[in-house]
Ligand code: AHR
């Protein structure tokens, strides 16, 4: 039973309460929100990104072509280029099933090229059924220069290929094909259907760029030519300026990231959808399964200065150093940055907090109006969490980020989580949460939980479901809010539920009380899918348990095999009158001993026998 007290005054709910968390996971950026159609456009893919990559991944060669890394390169940050022989051609396969084009729409092709003698590039768009647009010819002569051509698609296809054939010897780099029809029509812009789905949520804020890809690798240096490092964390200065001067990087989630979608584009998107930009910068303490804090004071100071520079990039006048960079990129006006977060899920609370305080002090000294959000560690409970919260509370930090991923049952049982939070302590930013699944029952459990967030809107100030996006063919983490491939996108049940809350944010809570115990137990039948992720550097043991606590699969990664492919079996008994026997098999696992990268680790539990009610 529910009792409502319409006359009593509940907590005020801020317009910014519900937002989105964008991290480049599951190919959310390249092959996703970033509208570029060419994969590996600058020939920078490397085994450092993913052991299956070569600099020619996604390219097919007809004739002679090789990727070269020498002094003839385009610039110091774009290391590789393609040396294409006379009479040869290369063809790009795009993402998923190919390059997607739509009949009647226009596409901008561009390439950086050089050729000693006058050479003609013939650029074609085709699929197995023939041409998709009239071919274009581009005359190339002399040193590196950018050449352009425009296509109008004569047919719709999701299986397209972009081919560049050269009459003479030529060097190519940054081969690009962009739909003209991007979200809000920006150059170097965003894929419209995905941006629209996010915009339709009317997010109060956009938290970006991570997640684990912010802090892991933060002790690696920038991508200067002399100390070019991959696997460094997402650091904002790597991601601004002309795209051909942005060095690509190994993404924490096991692929290459072009940084075409960088900090300028994140700010622009936040502005376009009327959301508060909320960047996360690394605190120089790793999280996400690793325990390391920097002792390099100069490096720490450099990151603190980078954070001050970021504020100047977002808000500074065009006469300032970084404000000028923003203006040159097309946005002389301020992006109105008010809030930023330092760190993400650090495992070492004391080490994190000592460094966080240095960021906080430096930011307060120069930009006293900027709000700085702190962290509570990787788990929503336990000694790390308690220590982090105590440090934050004692230092009167403005706001603390909490993350949790758990069962629907947990979300139902924890509806009252914030009822007892200290009203005078730091506010809560629920930066990442989701129940384990994209089924209706998950959305329902999350909805029930969100009523608890709203009831406590005086304490919980910001909340974002995570992760936001997943390309169905490149999944590292599931469940996700919005799914897509190269031609379609669809919201999950969780998306529909988030939209319901996010587009109907109230002004004030009307207090109510409910009696009765909600429960999600019930018959289980058919196949169930489970997913987790693993890295031997981070985890010694991997264990997957069913909602009733039964161990479905476990592995201690012992032994010295350089490659793992697991299969296992187990039985799963469910307590509520059902008995389900399962076969459990792990698939898609290629984890080397000592490999620091995360790998998708999918477990499929299949019901083979069922009895009971
Ligand atoms: O949302 C996926 C990951 O979950 C984030 O990168 C990290 O912060 C958390 O562990």
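The values are calculated or read from the model by the stated rules, or taken from the named source; none is laboratory data. Computed from a prediction, not measured in an experiment: that's the story for all the values here. Please note: Cβ atoms are built from the backbone with ideal geometry, for glycine as well, and neighbour counts cover all protein chains shown.
Any idea which of (1) touching a strand residue (DSSP E or B) at 6+ places or on another chain (Cβ under 6 Å); (2) assigned to a helix (DSSP H, G or I) is the one residue 341 doesn't satisfy?
Residue 341 satisfies every listed condition except (2).
Select the strands (runs of 3 or more DSSP E) contained entirely in the range 433-518, then report the ones holding at least 2 residues which are touching a helix residue (DSSP H, G or I) at 6+ places or on another chain (Cβ under 8 Å) and more than 16 Å from the ligand (Cβ to nearest atom). Give the derivation first.
Numbers: elements: 460-465, 469-471, 482-484, 489-491, 512-514.
Once the strands (runs of 3 or more DSSP E) in the range 433-518 are filtered for at least 2 residues that are touching a helix residue (DSSP H, G or I) at 6+ places or on another chain (Cβ under 8 Å) and more than 16 Å from the ligand (Cβ to nearest atom), what remains is 489-491.
Would you confirm whether any residue within the range 295-303 is within 17 Å of the chain's Cα centre (by Cα) and part of a loop (DSSP other than H, G, I, E, B)? Walk me through it before giving the result.
Filtering the range 295-303 down to residues within 17 Å of the chain's Cα centre (by Cα) leaves none.
No, the range 295-303 has no match at all.
Looking at the range 242-263, which of the residues that are in contact with a helix residue (DSSP H, G or I) (Cβ under 7 Å, 6 or more places away or on another chain) and more than 16 Å from the ligand (Cβ to nearest atom) is modelled with the lowest pLDDT?
247
Mind telling me which of the residues 359, 385, 352 ends up being closer than 27 Å to residue 323 by Cα, under 26 Å from the mean Cα position of the chain (by Cα) and in a helix (DSSP H, G or I)? Explain how you work it out, then say what you get.
Values: 385 fails: closer than 27 Å to residue 323 by Cα; 352 fails: closer than 27 Å to residue 323 by Cα.
Only one candidate qualifies: 359.
Within the range 435-452, track down each residue that is in contact with a strand residue (DSSP E or B) (Cβ under 7 Å, 6 or more places away or on another chain) and surrounded by 24 or more Cβ atoms within 10 Å (Cβ to Cβ). Full working, then the answer.
If we filter the range 435-452 for residues that are in contact with a strand residue (DSSP E or B) (Cβ under 7 Å, 6 or more places away or on another chain), which is where we start, we get 435-436, 442, 445-446.
Result: 435, 445.
Just to be sure before I move on: is residue 185 without any contact (Cβ under 8 Å) to a residue 24 or more places away in the chain and either under 17 Å from residue 109 (Cα atoms) or in contact with a strand residue (DSSP E or B) (Cβ under 8 Å, 6 or more places away or on another chain) (or both) in the structure I sent? Before you say what the answer is, go through the steps one by one.
Values: without any contact (Cβ under 8 Å) to a residue 24 or more places away in the chain: yes; either under 17 Å from residue 109 (Cα atoms) or in contact with a strand residue (DSSP E or B) (Cβ under 8 Å, 6 or more places away or on another chain) (or both): yes.
The answer is yes for residue 185.
Hey, among 394, 401, which residue is within 17 Å of residue 280 (Cβ to Cβ) and out of contact with any helix residue (DSSP H, G or I) (no Cβ under 9 Å at 6 or more places or on another chain)? Spell out the reasoning first.
Working: 394 fails: within 17 Å of residue 280 (Cβ to Cβ).
Among 394, 401, only 401 is within 17 Å of residue 280 (Cβ to Cβ) and out of contact with any helix residue (DSSP H, G or I) (no Cβ under 9 Å at 6 or more places or on another chain).
Is it true that some residue in the range 366-380 is surrounded by fewer than 17 Cβ atoms within 10 Å (Cβ to Cβ), at pLDDT below 95 and within 15 Å of the ligand (Cβ to nearest atom)?
There is at least one residue in the range 366-380 that is surrounded by fewer than 17 Cβ atoms within 10 Å (Cβ to Cβ), at pLDDT below 95 and within 15 Å of the ligand (Cβ to nearest atom).
Any chance the range 277-285 includes a residue that's more than 16 Å from the ligand (Cβ to nearest atom) and surrounded by 18 or more Cβ atoms within 10 Å (Cβ to Cβ)? Don't jump to the end; show me each part of the working.
Restricting attention to the range 277-285, the residues satisfying the condition of being more than 16 Å from the ligand (Cβ to nearest atom) are 277, 284.
Those left that are additionally surrounded by 18 or more Cβ atoms within 10 Å (Cβ to Cβ): 277, 284.
Within the range 277-285 (the criterion being more than 16 Å from the ligand (Cβ to nearest atom) and surrounded by 18 or more Cβ atoms within 10 Å (Cβ to Cβ)), the answer is yes, since at least one residue qualifies.
Among the residues in the range 328-343, are any more than 22 Å from residue 311 (Cα to Cα) and either away from the ligand (no atom under 14 Å from the Cβ) or touching a residue at least 40 places away in the same chain (Cβ under 8 Å) (or both)?
Our first condition is that a residue be more than 22 Å from residue 311 (Cα to Cα); within the range 328-343, this holds for none.
Looking for residues that are more than 22 Å from residue 311 (Cα to Cα) and either away from the ligand (no atom under 14 Å from the Cβ) or touching a residue at least 40 places away in the same chain (Cβ under 8 Å) (or both), one finds none in the range 328-343, hence no.
If I filter the range 362-382 down to residues being outside any helix (DSSP H, G or I) and touching a helix residue (DSSP H, G or I) at 6+ places or on another chain (Cβ under 6 Å), which single residue comes out as farthest from residue 290 (Cα to Cα)?
If we filter the range 362-382 for residues that are outside any helix (DSSP H, G or I), which is where we start, we get 367-382.
Cutting the leftovers down to touching a helix residue (DSSP H, G or I) at 6+ places or on another chain (Cβ under 6 Å) gives us 367, 370, 372, 374, 376-377, 379.
Values: 367: 32, 370: 29, 372: 24, 374: 19, 376: 16, 377: 12, 379: 14 Å.
Across the range 362-382, the extreme among qualifying residues is 367.
What's the total number of residues in the range 194-217 that are at pLDDT below 90 and either in contact with a helix residue (DSSP H, G or I) (Cβ under 7 Å, 6 or more places away or on another chain) or more than 16 Å from the ligand (Cβ to nearest atom) (or both)?
Selection size over the range 194-217: 0.
Name every residue in the range 79-112 that is out of contact with any strand residue (DSSP E or B) (no Cβ under 6 Å at 6 or more places or on another chain) and more than 30 Å from residue 155 (Cα to Cα), in order of residue number.
Within the range 79-112, 79, 85, 86 qualify.
Pull up the range 389-403, narrow it to residues that are more than 20 Å from residue 307 (Cβ to Cβ) and surrounded by 20 or more Cβ atoms within 10 Å (Cβ to Cβ), then point me to the one that is nearest to the ligand (Cβ to nearest atom).
Applying the first criterion (more than 20 Å from residue 307 (Cβ to Cβ)) to the range 389-403 yields 389-390, 393-394, 396, 402-403.
Narrowing the set further to residues that are surrounded by 20 or more Cβ atoms within 10 Å (Cβ to Cβ) leaves 389, 402-403.
Details: 389: 18, 402: 11, 403: 6 Å.
Checking each candidate, the answer is 403.
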